[in-house]
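As structure tokens, the structure follows; a few thoughts come after it.
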Amino acid sequence: MPLQPVLAMNRQEYNFAHRANEDGTIDSICRECFATVATSQWEADLEKAEQAHVCDPAELERFHSVHEK
Ligand SMILES: [Zn+2]
């Protein structure tokens, strides 16, 4: 896989959970905002989506407000 220096330099340290689906695809779920970032058969596709992912502050706030009630 070719390296992409710009992405690598700017890469943020997010954590993503990978969940295998029965149809052979894998869900990538952001551990911060619990958004499903990508669904793919290929880890490389998940990694690309993960590198492009930025948590939505509105989603984070909604998530935390739900859990504080
Ligand atoms: Zn996120």
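Looking at segment 45-62, which of its residues are more than 10 Å from the chain's Cα centre (by Cα), in a helix (DSSP H, G or I) and either over 16 Å from ALA20 (Cβ atoms) or within 15 Å of the ligand (Cβ to nearest atom) (or both)?
Filtering segment 45-62 down to residues more than 10 Å from the chain's Cα centre (by Cα) leaves 45, 56-62.
Still in the list and also in a helix (DSSP H, G or I): 45, 57-62.
Result: PRO57, ALA58, GLU59, LEU60, GLU61, ARG62.
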Subject >> Top-ranked residue in segment 19-44 [being within 14 Å of the chain's Cα centre (by Cα) and of a type in the set (A, V, I, L, M); ranked as farthest from the ligand (Cβ to nearest atom)] >> reply: ALA44
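Rule-based calculations on the coordinates, nothing more; no lab input. This is a predicted model, so every value here is computed, not measured. Note: ideal-geometry Cβ built from the backbone for every residue, glycine included; neighbour counts use all protein chains shown.
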